[in-house]
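Only the coordinates and a few stated rules stand behind these numbers; no lab work does. Because the structure is a prediction, the values reported are computed rather than measured. We place every Cβ from the backbone using ideal geometry, glycine too, and count neighbours over all the protein chains shown.
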Amino acid sequence: MEIVKVENLSKHYGDGETAVKALDNVNFSIHKGEFVAIVGASGSGKSTLMHLLGGVDQPTNGKVLIDQTDMYSLEETQLAIFRRRQIGLIYQFYNLIPVLTVKENISLPLSLDGRDVDEKLLNDIIQLLKLENRLHHLPNQLSGGQQQRVSIGRALISNPAIMLADEPTGNLDSKNSEEIIHLLKYFNKTFSQTLIIITHDEEIALQADRIIHIEDGRIIRDEVVRS
Ligand code: ADP
Ligand code: MG
């Protein structure tokens with residue numbers, strides 16, 4: 001089943017002489033449960049693609065279908081709800097809410113949605129992320145690795161269609177970096193959680209099922225590493 005379908009997707013900044021084609025007519029699909037790495041030089045358009053897949057930007061042209069929903073045909077409020085339920089975003093600098101505790105940060109997508117937190121699921125996630133002794137801490141009382149584990153919890157709590165991670169280990173040492181990738185792979189393999197990671201770490205990319213190479217806003221290679 002195609003969980004992601006990208007059709008003729010473009011994002012241009014500015015116009016005339018100074019126009020930048022950050023993304024230039026990109027097409028691809030991702031199956032449910034796939035682990036895809038997106039690689040490319042700095043400025044090649046990776047984050048632009050990630051923002052468009054995450055519903056947090058507007059394309060200049062083209063479509064993004066997530067689980068068969070044409071995201072950019074939704075009006076703003078609908079898009080916000082769809083995003084909260086179906087997309088788990090993980091950033092290099094965690095993007096946690098500083099005044100909320102670990103438990104509150106993880107539950108946030110559900111509380112914003114006015115939905116009750118499934119305590120069993122929450123507890124399972126907390127155990128797997130080894131955060132049980134940090135539930136009432138604030139983000140600034142945590143290490144980088146712990147903060148990134150909280151952001152993984154927040155991304156997972158709504159059981160999203162896709163998890164998107166933009167350089168999730170870019171700010172971590174090698175030990176924490178390995179742990180974060182191990183956790184993301186665990187959720188990918190155990191729960192068939194579709195996972196898309198942007199990275200420039202070749203070791204991480206080689207752990208994916210598939211590597212999409214981007215250059216100047218275009219896909220220049222799309223290779224299956226394992227199937
Ligand atoms: P990457 O994540 O691969 O480093 P980006 O997607 O951030 O690349 O950027 C792709 C291109 O788009 C770059 O040339 C960048 O300068 C340009 N770009 C990104 N965001 C903006 C913006 N808000 N305004 C103008 N140009 C942008
Ligand atoms: Mg980037």
- Note on the structure: With residue 21 itself left out, Lys, Arg at +1 and Asp, Glu at -1 over residues whose Cβ is under 10 Å from its Cβ give 0
- Message: Only four residue types carry charge here, +1 at the Cβ of Lys and Arg and -1 at the Cβ of Asp and Glu. Report the dipole size of segment 77-135 about the Cα centre in Debye, rounded to the nearest 20.
- Response: 180 debye
- Once both labels are modelled 7 Å past Cα along the beta-carbon direction, what's the residue 60-residue 99 spacing in nm? 3.9 nm
- Message: Taking the Cα centre as origin and putting +1 on Lys and Arg beta-carbons and -1 on Asp and Glu beta-carbons, what dipole magnitude results for segment 145-212, to the nearest 20 debye?
- Response: 360 debye
- Item | 0 to 90° range, to nearest 10: angle between helix 144-156 axis and the chain longest Cα axis | 80 degrees
- Message: Could you tell me how far the Cα centroid of segment 132-187 sits from the Cα centroid of segment 1-57, in Å?
- Response: 23 Å
- Dipole of the chain (Lys/Arg Cβ +1, Asp/Glu Cβ -1, origin at the Cα centre): which of 110, 51, 64 lies farthest to the positive side? 110
- Message: Suppose every Lys and Arg Cβ carries +1 and every Asp and Glu Cβ carries -1, with no other charges. What dipole size does segment 109-155 come out with about its Cα centre, to the nearest 20 debye?
- Response: 240 debye
- Calculated SAXS-style log₁₀ I(q)/I(0) at q = 0.14, 0.17, 0.23, 0.26 Å⁻¹ - segment 1-94, Debye, Cα scatterers: -0.53, -0.79, -1.35, -1.55
- Length released on extending from residue 2 to residue 192, taking residue separation times 0.36 nm less the Cα-Cα span: 67.1 nm
- Item | DSSP-defined antiparallel bridges as percent of all bridges, the chain, nearest 5 | 55 percent
- Message: As I understand it, the value is the acute angle between the Cα axis of helix 76-86 and the longest principal axis of the Cα atoms of the chain; what does it come to in degrees, rounded to 10?
- Response: 60 degrees
- Message: Nearest 10 degrees is fine. How inclined is helix 102-112 to the longest principal axis of the chain, computing both from alpha carbons?
- Response: 60 degrees
- Item | Across 21/185; 11/32; 5/103; 46/189, pairs whose alpha-carbon gap is larger than 29 Å | 21/185; 5/103
